[in-house]
1. Once you compute Rg and the Kirkwood Rh from C-alpha atoms, what is the Rg to Rh ratio for region 17-224?
2. Near Val66, within a Cβ-to-Cβ distance under 14 Å, what is the net charge of the other residues, with Lys and Arg +1 and Asp and Glu -1?
3. Could you work out how far apart the two model spin labels at His60 and Leu120 are, taking each label as a point 7 Å from the Cα in the direction of the beta carbon, and quote it in nm?
4. Please sort 69-77, 90-98, 127-135 by packing, taking for each peptide the average over its residues of neighbouring beta carbons within 10 angstrom, highest first.
5. If you take every residue apart from Ala23 with its C-beta less than 15 Å away from the C-beta of Ala23, what net charge results, scoring Lys and Arg +1 and Asp and Glu -1?
6. Residue separation times 0.36 nm, minus the C-alpha to C-alpha distance between Val220 and Thr102: what's the value?
7. Given contacts defined as C-alpha pairs under 8 Å and at least six residues apart, what's the relative contact order of region 145-210, whole-number percent?
8. Convert each backbone phi in region 112-126 into a coupling constant with the Karplus relation 6.51 cos²θ - 1.76 cosθ + 1.60 (shift: θ = phi - 60°), then list the ³J(HN,Hα) values in order as whole Hz, x for Gly and Pro.
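What follows draws every value from the coordinates through simple rules; no lab data is involved. Since the model is a prediction, treat every value here as computed from it, not as a measurement. With ideal geometry, Cβ positions are generated from the backbone for all residues, glycine too; neighbour counts draw on all protein chains shown.
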Amino acid sequence: MTAATVPSIHRQSTAGPNLAALAGISTALFLAGLIVGRAMGDATFPSPFDSSAVILRYFHDNRDAVRVSAFFQFGSAIPLALYAATASARLRNLGVRAPGATIALVGGTLAAAALSVSALVGWTLSQPGVLGSPSVVRALHDLAFATGGPGHVVPLGLLFLGLAIPALFTGLLPRWLAVGGLVLGVVAELSTLTLLVDGAAYLLPVARFLGLAWLIVVGVLLPTTRAAVTPG
């Protein structure tokens, strides 16, 4: 080892909330909304592809279930936004200067915002004054699906890609995990097709639920410090 190659170890640390905890809380709240809403309701939550009569009857008969589900869904958006901000900052502190960190922040922020809007629209659908107009109910239900479906999942894919791509090239995450994030990101982007093809809607739960699990694992394995070797 020569004087020109003497290692100088620099550790860059990042403060902030625990990523795994944030992803876990967001996932738990989202699942709680689905489970509690289903337990309180007397029918399956309608698809936007169902008839207007089925949709109107569901919201008329299950106001409490819809309101509680919207509450949990709205709550799940907050830790998701915090996750995006914290993960983006951590990537930068670990030396990532590529656009990935910014893409992750933008994608996570948009995903959280869309989920919040979907939840608030869902809450609106639980109000008795709205249920008197079938056309309004149908329009609001479609909006809730659009924002909570592709409107949420597509930018969520940007969060996956923004984390996975720089992690793959820098070795910040195991290769299998980074590649998995790339695949999930692509699936999430392809879910845009839901706006054109009804059959593409199956991509939404695949990207959403596997992606939430992926975010938890990333939160566990993404380091908070990094050793760098520089010329002496």
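1. Result for region 17-224 is an Rg/Rh of 1.02.
2. Residues close to Val66 contribute a combined charge of +1.
3. Distance between label points: 2.9 nm.
4. Top of the packing list down: 69-77, 90-98, 127-135.
5. Value of the local net charge: +2.
6. Gain on extension, Val220 to Thr102, equals 40.4 nm.
7. That works out to 38 percent.
8. 5, 5, 5, 5, 5, 4, 4, 5, 5, 5, x, 4, 4, 5, 8
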